[in-house]
Amino acid sequence: MVNTDVVIIGGGPSGSLAACKLLKEGYSVTVLERLEFPRFVIGESLLPRCNELLDKNGLIDIIKEQGYIVKGGAIFIDENKQEEIVDFTNNLGQKWGTSFQVKREEFDNVLLETAKKLGAVVLHKYTVTDYNNDENIITAIDDKDATHTFKAKFVLDASGYGRVLPKLLDLDIPSDLKLRNAIFTRIKGEKRRAQEKEGFIDIVIHDNNQAWLWIIPFSDGTTSMGIVCQEDYFKNTNLSLEEFFDKVVDTHPYLKEKLENAVKLQPVGIIEGYSSAIKKMYGKGFALSGNATEFLDPVFSSGVTLALESSDRVADMIIKELKGENPDWEKDYEEYMMIGINVFREFVYAWYEGKLRKIFYCSKKSVTIKKSIASILSGYVWDEDNYFTTNTKEKIDTLVSLC
Ligand SMILES: Cc1cc2nc3c(=O)[nH]c(=O)nc-3n(C[C@H](O)[C@H](O)[C@H](O)COP(=O)(O)OP(=O)(O)OC[C@H]3O[C@@H](n4cnc5c(N)ncnc54)[C@H](O)[C@@H]3O)c2cc1C
């Protein structure tokens, strides 16, 4: 049995940031990661709030050195090619007005390598299979089927879609969001935007809100693209993934033009039913962070931001716990996280109900409302000065009626 201060399950951004923070405070950290890195994971578009968190934790310079394309904002494009530009620099005064578009196999690897340099023991191809909560003992199986046990003072589950402790401790609850699919690939050769907007994410509205697409340009000239729609919207076509993808591109005037000379770099893949929710984010001797807690929806690229926010916060809580300070997990972790998650949740609902579309394309919006929207979509969902961070649903509804 290996003894360590903290076992972290999963070496994604959430696990790595928490590891770095704990290591800097002098705690021993063992990261158990079921895959060899670099590994593919979806979710390549970051928000300015990510930069702020990376900066706060001394990680921004190493990310800047990677030469990722700078993301200045999001451009919404409707079925008639009408555009609404959300410029992240036009925010409510926050320092970070840009972020990056990153291939996650590279970004996640840089963060995990940094944790290793700070002293983390990272064991790849170790799959966590069991957790004894009374003794705080984690069991993992390696790729040769050997069993290993780890006794920790604290266990952090940052296993993302693996949802290790939610499954083992029966903490999972169904998400209140509808089941949706993401049908995705990588391409090259599409028409790029002029330099000052090249790094923006395109969010393309398709078929009267029945589907939307992301287009995320990378600095190496390749691009990530995906279609998000309800399960039936794809299944009822009886088309293969490739045929469905091609049909959507072919029937949207903006996509048809943009992808005229593009080629696919890999087969079209699908991720199904990814939204998830949780009964509790913490318990005696353990906590969850990142996607292992709640994952809403990809539309506003909030996943990595929430993963970093939660791990930044959870690491502080664990440090207090290990110092015997008896931190208030309910108030300072779960309630805090739910404030930001719930703002995003209302934006996600309003997006699928077509309400945000009305607001985005409304010419009567005040400058403050424009800035408030840019700020929320930048990930500043805890900013109490933002119009949308309290009574979010009511305020969206009021704006819809004014528009
Ligand atoms: C279609 C789609 C599009 C998205 N687009 C975006 C986007 O543009 N921007 C954005 O910010 N977010 C996006 N996301 C969300 C984003 O992918 C996640 O929020 C993010 O990866 C969460 O990071 P994490 O560190 O919590 O988990 P992950 O990055 O998933 O890392 C978890 C790690 O745990 C490991 N693991 C799992 N099970 C075990 C086990 N049993 N034992 C050991 N290790 C284990 C995994 O191998 C993995 O490496 C998108 C999600 C979807 C579904």
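The values are calculated or read from the model by the stated rules, or taken from the named source; none is laboratory data. Bear in mind that the values here come from a model prediction, so they are computed numbers and not experimental data. We place every Cβ from the backbone using ideal geometry, glycine too, and count neighbours over all the protein chains shown.
How many residues, within region 141-163, are in a loop (DSSP other than H, G, I, E, B) and without any contact (Cβ under 8 Å) to a residue 60 or more places away in the chain? Even if it seems obvious, please write down each step before you answer.
Of all residues in region 141-163, those in a loop (DSSP other than H, G, I, E, B) come to 143-146, 158-159, 163.
Narrowing further to those that are without any contact (Cβ under 8 Å) to a residue 60 or more places away in the chain: 143-146.
Of the residues in that region, 4 qualify.
Looking across region 385-403, the residues that are more than 15 Å from Ala374 (Cα to Cα) and charged (D, E, K, R) come down to Lys393, Glu394, Lys395, Asp397. Determine whether region 370-389 contains at least one residue that is outside the structural domain of Phe200 (by TED's automatic domain parsing), modelled with pLDDT of 95 or more and farther than 24 Å from Ser99 by Cα. No: zero hits. Restricting region 237-270 to residues that are buried (at least 16 other Cβ atoms within 10 Å of the Cβ) and aliphatic (A, V, I, L, M) leaves a set whose member that is nearest to Gly226 (Cα to Cα) is Val268.
Among the residues of region 185-211, what is the count of those that are of a type outside the set (Asp, Glu) and surrounded by fewer than 22 Cβ atoms within 10 Å (Cβ to Cβ)?
Taking region 185-211 and keeping what is of a type outside the set (Asp, Glu), we get 185-189, 191-195, 197, 199-201, 203-206, 208-211.
Within this subset, residues satisfying the condition of being surrounded by fewer than 22 Cβ atoms within 10 Å (Cβ to Cβ) are 185-189, 191-195, 197, 208-211.
Residues that pass the stated criteria total 15.
Of all residues in region 7-45, those satisfying the criterion of being more than 10 Å from the ligand (Cβ to nearest atom), touching a helix residue (DSSP H, G or I) at 6+ places or on another chain (Cβ under 6 Å) and among the aliphatic types (A, V, I, L, M) are Ala19, Leu22, Val29.
Scanning region 258-295 for residues that are at pLDDT 95 or above, in contact with a Phe, Trp or Tyr (Cβ under 8 Å, 6 or more places away or on another chain), outside any loop (DSSP other than H, G, I, E, B) and under 30 Å from Lys320 (Cβ atoms) yields Tyr282, Phe286, Ala287, Leu288, Asn291. Looking at Ala350, is it within 16 Å of the ligand (Cβ to nearest atom), of a type in the set (A, V, I, L, M) and in contact (Cβ under 8 Å) with a residue 40 or more places away in the chain? So Ala350 fails the test. Scanning region 40-81 for residues that are within 24 Å of Ala374 (Cβ to Cβ) and β-branched (Val, Ile, Thr) yields a total of 6.
Are any residues in region 126-140 of a type outside the set (Ser, Thr, Tyr) and free of Cβ contacts under 8 Å to residues at least 12 places away in the same chain, and if so, which ones?
Step one: of region 126-140, the residues of a type outside the set (Ser, Thr, Tyr) are 128, 130, 132-138, 140.
Selection gives Asn132, Asp134.
Just to be sure, is Lys371 touching a residue at least 12 places away in the same chain (Cβ under 8 Å), farther than 26 Å from Leu308 by Cβ and of a type in the set (Lys, Arg)? Can you show your working first?
Values: touching a residue at least 12 places away in the same chain (Cβ under 8 Å): yes; farther than 26 Å from Leu308 by Cβ: no; of a type in the set (Lys, Arg): yes.
In short, no.
Considered as a group, the residues in region 135-171 that are within 10 Å of the ligand (Cβ to nearest atom) and either of a type in the set (A, V, I, L, M) or modelled with pLDDT under 95 (or both) include one that is farthest from Ile278 (Cα to Cα), and that residue is Ile141. Residues in region 261-306 that are more than 10 Å from the ligand (Cβ to nearest atom) and free of Cβ contacts under 8 Å to residues at least 60 places away in the same chain: Met281, Tyr282.
Can you tell me which of Leu177, Leu239, Leu213 is within 14 Å of the ligand (Cβ to nearest atom) and either assigned to a loop (DSSP other than H, G, I, E, B) or farther than 23 Å from Phe107 by Cβ (or both)? One residue alone meets the criteria, Leu177.
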